[in-house]
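Written out below as structure tokens is the structure these notes cover.
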Amino acid sequence: MKNTMIKCVLLGAFSALLLCVSSPAAQANEQAPQVSDIDKALQLYEVGKDALRAGDPKDALKQFKAALKLAEGDEGLTWQMLLAVAVGSRQADQSANAIEYFRRFLAQTESFKDSMTSKWTSRRERAAQDLRDLESAVEETHGAITVTSTPKGAAVFLGETRAGADGDVVTPFSFWLKPGTYELKLKLEGFKTESRTITVRPGGSYPFKFAMTSSAPA
């Protein structure tokens, strides 16, 4: 009986030791500092700036867009990344996309403009001027498209490709297109797809209004 009790005590002590001692891999994971999404976004932002300095705006744009996704939830950092993507798009000769991002920045900061710091007020004024300059230049080579729908919220397509800088726009939406003939489509769940062939010319303005038809059985 005494030997049995000793074995039980030793076994219990050994089990407790196993529970207390984790594997080297587990210890490494516990000790590794956790990098937040905000920190990752700032790191990508710096990589993007380096790419711009090196004359690689396309890579910079890639980094800035990735940083923008990670910045979600941080208002100030989102402003910074929206501007970065706008500048990167302009440097990459993607004027229409740059216009879209400058508009997004101005729209997102609109309700804060009266309480901004002088630094952000200056940046906002500069962004507004850059937007005007871009639109003035691009209207000589592109057509201005405005799409609205009833109900709103329809996805906008050019052929089978979703419109917009990131392919995620919904009505109402305004954008610029290079001259050519396109199939403009609107898709909205619960409604029939609407389609129209459009021909775009430089300097033209093309407003389109769609009345979506329910796809539910009569």
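A few remarks follow.
- The stretch 132-166: trypsin sites (Lys or Arg not before Pro) in DSSP loop, at most 16 other beta carbons within 10 Å: K152
- Fully extending the segment from T146 to E183 would add 11.9 nm, taking 0.36 nm per residue of separation and subtracting the current Cα-Cα distance.
- Relative to the Cα centre, the charge distribution of the stretch 63-171, modelled as +1 at Lys and Arg Cβ and -1 at Asp and Glu Cβ, gives a dipole magnitude of about 220 debye.
- Percent accessible area from carbon and sulfur atoms, the stretch 93-166, protein chains only, probe 1.4 Å: 47 percent
- Under a model in which nothing but the beta-carbon of Lys, Arg (+1) and Asp, Glu (-1) is charged, the stretch 166-210 shows a dipole of about 240 debye around its Cα centre.
- Take each peptide in 172-178, 95-101, count the other Cβ atoms within 10 Å of every residue, and average; sorted highest first, the result is 95-101, 172-178.
- With the convex hull drawn over the C-alpha atoms of the stretch 115-207, the volume per residue is 121 Å³.
- Evaluated with a Cβ-only charge set (Lys, Arg +1; Asp, Glu -1), the stretch 138-218 carries a dipole of roughly 240 debye about its Cα centre, given to the nearest 20.
- Computed extension gain for D37 through T199, at 0.36 nm per residue and net of the alpha carbon distance, reaches 54.0 nm.
- In the stretch 101-218, taking the dipole from charged Cβ atoms about the Cα centre, the farthest positive-side position among G180, A128, T109 is held by T109.
- Whole-number accessible area per residue in Å² for the stretch 62-153, which is evaluated in the context of all protein chains at 1.4 Å: 52 Å²
- Length added when fully stretched, S111-E46, from 0.36 nm per residue minus Cα-Cα: 20.6 nm
- Where the Cα pairs of the stretch 99-144 fall when distances are cut into 10 Å bins, in %: 27, 49, 19, 6
- Protection-proxy order for peptides 71-83, 105-117, each taking the mean of Cβ atoms within 10 Å per residue, highest first: 71-83, 105-117
The values are calculated or read from the model by the stated rules, or taken from the named source; none is laboratory data. Small disclaimer: the values here were computed from a predicted structure and weren't measured. For neighbour counting, all protein chains shown are included, and Cβ atoms are generated from backbone atoms with ideal geometry for every residue, glycine included. Just so you know, the surface numbers come from the protein's heavy atoms only, side chains and all, with ligands and any DNA or RNA stripped out. Shrake-Rupley method; radii C 1.70, N 1.55, O 1.52, S 1.80 Å.
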